[in-house]
Amino acid sequence: MSNIDKIFASVRNEFPALTQKVHGKKLAYLDSAATTLKPQSVIDRITQFYSFETSNVHRGAHYLGDVATQAFESARHKVAEFLGARQTEEIIFVRGTTEGVNLVANSWGGTHLKEGDEILITEMEHHGNIVPWQMVAERIGAKVLAAKILDNGELDLEDFKAKLSKKTKMVAFTACSNVLGTNTDMTLLTKLAHEVGAKVLIDGAQIVSQTKVDVKAIDCDFFVFSAHKLFGPFGQGVVYGKREILDGMSPYQGGGSMIAKVTVEKTTYNDVPFRFEAGTPHVEGAVGLHAAIDFVERIGFENIHSYEMELLKEATAKLQAIPDLRIFGTAPNKGPIISFNLKGAHHSDVGQILDQEGVAVRAGHHCTQPLMARFGIPGTVRASFSVYNNHEDIDALVKAVVKAREMLL
Ligand code: PMP
């Protein structure tokens, strides 16, 4: 066993979900792009919070109120460090990537977009980074354009540049396609967008578990992600926004905690970030996210990247050797995600056979219908890899796909 395999064999032992069998078979969990499994340290931290620290935040005039508030705000501080933000106040807690995009589309877009303005996205965006922009655009009379994707799954940079103009006010793109695995050049795209005076939102849902993100170096205006794709809890997400931009944005939702003063006639709003966090937040979500960041930092992104690239390379080569199998997305710079179809078989049928073999993948359109239309297919089977996968999982996948081919073709 190589050194890196040894490190990750021990990481794998931290995931209780992997000790179970499904349909009598050893579980090969290859659906991390949908959500990652949770390590024991995250589960324990949330249990600890619920057991001994439960209290509402920012309001208790008692000991436990302080403990919970400290845990919650310390999570915000951890996220700020994790993303390389300048200030802790640049971190807003939301429910997930989707709510994050909705917040920016409504709050920033509602104030700064005008009739005739353009929002540039790409053809490989998740619906979570399409629909919120369409909704605000429809309300305002703005227009959503999408930069094209090349046949190998890379962004068509020439088309992206051609679609940027003085009319472009927002460029919203994914750092990593949840279907093709393609990683975009966040710094370059941000620079190009800024050259025409547009703001930039990066959908970081798939990138945060793969690589170290530095929002200062990238210079994006907004960056959003979900904790549940980073070994953390569901229902917890993050919006990073540059302080000077957040300061100029109105709240997205109203209620408790986001106010400075309320009279029946009028309300003045709290400072950033609280202005954007109406109501009781998902406190244990933030606390769990803190533990999840501790977990990835303990392993180290260099190790994670090397290991995931090793798995990606091996799985790609083994799948490519299966006749009638087509992989969608072969960009040179891609994350540990492989989408494929067996020619002549429906993706759902393949997914079902894999499930019977204990291989958990996703089969469908992956909330990317425009991308499916671009490739002229209704869906794909998607296998995605993470820190707890190993070579045995790849072999289980390949064996199950060979079986599916025998059964279906
Ligand atoms: N963007 C991308 C690239 C994603 O993969 C996902 C989740 N599949 C989302 C956005 C939406 O994330 P969430 O459902 O956690 O809000």
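How much of the DSSP beta bridge set in the chain is antiparallel, as a percent to the nearest 5?
60
Which order do Tyr29, Tyr50 take by accessible area at a 1.4 Å probe, largest first?
Highest to lowest solvent-accessible surface, that is Tyr50, Tyr29.
Roughly how many Å² of Thr47 are accessible to a 1.4 Å probe, to the nearest 10?
Near enough 80 Å² of accessible area.
If I fit a long axis through the Cα atoms of helix 63-83 and take the longest principal axis of the Cα atoms of the chain, what angle between them do I get, 0 to 90°, rounded to 10?
60
If you rank Glu297, Glu392 by how much accessible surface each has, with a 1.4 Å probe, what is the order from largest down?
If we order Glu297, Glu392 from most to least accessible, we get Glu392, Glu297.
Ignoring ligands, DNA and RNA, how do Lys78, Lys399 rank by accessible area with a 1.4 Å probe, largest first?
So the residues, ranked largest to smallest area, are Lys399, Lys78.
Quick one: which residues, 5+ away or cross-chain, put their amide H under 5 Å from the amide H of Ala146? H built at 1.01 Å from N.
Here Ile121 satisfy the definition.
When all protein chains stay in place, what accessible area (Å², nearest 10, 1.4 Å probe) is found for Ile259?
50
Tell me the accessible surface of His391 in square angstrom (1.4 angstrom probe, heavy atoms of protein chains only), to the nearest ten.
Counting only protein heavy atoms, His391 exposes about 50 Å² to solvent.
Using alpha-carbon pairs under 8 Å, 6+ residues apart, how would you state the relative contact order of the range 43-297 in percent?
24
Starting from the amide H of Thr182, placed 1.01 Å from N in the peptide plane, find each other amide H under 5 Å away whose residue is 5 or more places distant or on another chain.
Those lying under 5 Å, H to H, from Thr182 are Ser177, Gly335.
Could you compute the FRET efficiency for Glu265 and Arg59, with r as their C-beta to C-beta distance and R0 at 22 Å, rounded to 0.05?
E between Glu265 and Arg59, to the nearest 0.05, is 0.35.
In debye, nearest 20, what is the charge dipole magnitude of the range 102-237 about its Cα centre with +1 on Lys and Arg Cβ and -1 on Asp and Glu Cβ, if you could check?
400
For the chain, build the charge dipole from Cβ charges (+1 Lys, Arg; -1 Asp, Glu) around the Cα centre, then report which of Leu319, Ile202, Ser226 sits farthest towards its positive end.
Leu319
What is the distance, in nm, between label points placed 7 Å from the Cα along the Cα-to-Cβ direction at His127 and at Arg86?
For the pair His127/Arg86, the computed spacing is 3.8 nm.
Given the DSSP H assignment, sum -39500 (n - 2.57) over each helix run of at least 4 residues in the chain and divide by its residue total; what's the result at 222 nm in deg cm²/dmol, nearest 500?
Using -39500 (n - 2.57) per qualifying helix, the result is -11500 deg cm²/dmol.
Based on the Cβ-Cβ distance of Lys26 and Met407, what FRET efficiency does E = 1/(1 + (r/R0)^6) give at R0 = 25 Å, to the nearest 0.05?
0.75
Figure the gain on full extension for Lys399 and Ser74 (residue separation times 0.36 nm, minus the Cα-Cα span) and round it to one decimal in nm.
Gain on stretching Lys399 to Ser74: 112.4 nm.
Looking at the square roots a ≥ b ≥ c of the eigenvalues of the Cα gyration tensor of the chain, which shape do they give, rounded for a/c under 1.5, prolate if a/b is larger than b/c, or oblate?
Cα axes put the chain in the oblate bin.
For the range 56-178, what proportion of DSSP beta bridges, expressed in % and rounded to the nearest 5, is antiparallel?
Of those bridges, close to 10 percent are antiparallel.
What nm value, rounded to one decimal, do you get for the distance between Asn3 and Glu302 when each label is placed 7 Å out toward the C-beta?
Output for this residue pair reads 1.0 nm.
Only loop residues by DSSP count here, and only those with at most 11 other Cβ atoms within 10 Å; note down the trypsin sites (Lys or Arg not before Pro) in the range 278-378 that meet that.
Lys343
State, to one decimal in nm, how far the label point of Asp219 lies from the label point of Asp349, with both points 7 Å from Cα in the Cβ direction.
The modelled label-to-label distance comes out at 5.2 nm.
What is the helix-to-structure angle for 347-356, meaning the angle in degrees between its Cα long axis and the longest Cα principal axis of the chain, kept from 0 to 90 and rounded to the nearest 10?
Between the helix axis and the principal axis of the chain, the angle is about 80 degrees.
Treating the angle as unsigned and between 0 and 90°, give the value, to the nearest 10°, between the Cα long axis of helix 3-12 and the longest Cα principal axis of the chain.
In the chain, helix 3-12 runs at an angle near 70 degrees to the longest axis.
Out of Thr54, Gly109, Ile121, whose Cα points farthest toward the positive end of the dipole of the range 42-152 (charges: +1 Lys, Arg; -1 Asp, Glu; placed on Cβ)?
Of the candidates, Thr54 comes out farthest on the positive side.
Calculate how many DSSP beta bridges within the range 120-261 are antiparallel, expressed in % of all such bridges and rounded to the nearest 5.
Restricted to the range 120-261, the bridges split so that about 35 percent are antiparallel.
Along the charge dipole of the chain, which of Phe72, Ala147, Pro336 sits closest to the positive end, that is, farthest toward it, with unit charges on the beta carbon of Lys, Arg, Asp and Glu (+1, +1, -1, -1)?
The residue sitting farthest along the positive end of the dipole is Ala147.
How much length is gained on full extension from Asp151 to Arg139, taking 0.36 nm per residue of separation minus their Cα-Cα distance?
Working it through step by step, the gained length comes to 0.9 nm.
Is there a quick way to get the dipole size of the chain? I mean about its Cα centre, with the Cβ of Lys and Arg at +1 and of Asp and Glu at -1; what is the value in debye to the nearest 20?
420
The values are calculated or read from the model by the stated rules, or taken from the named source; none is laboratory data. Keep in mind that what you see is a predicted model, and the values were worked out from it rather than measured. Note: ideal-geometry Cβ built from the backbone for every residue, glycine included; neighbour counts use all protein chains shown. Ligands, DNA and RNA are stripped out before the accessible areas are found, and what is left, the full protein with its side chains, is counted by its heavy atoms. Shrake-Rupley method; radii C 1.70, N 1.55, O 1.52, S 1.80 Å.
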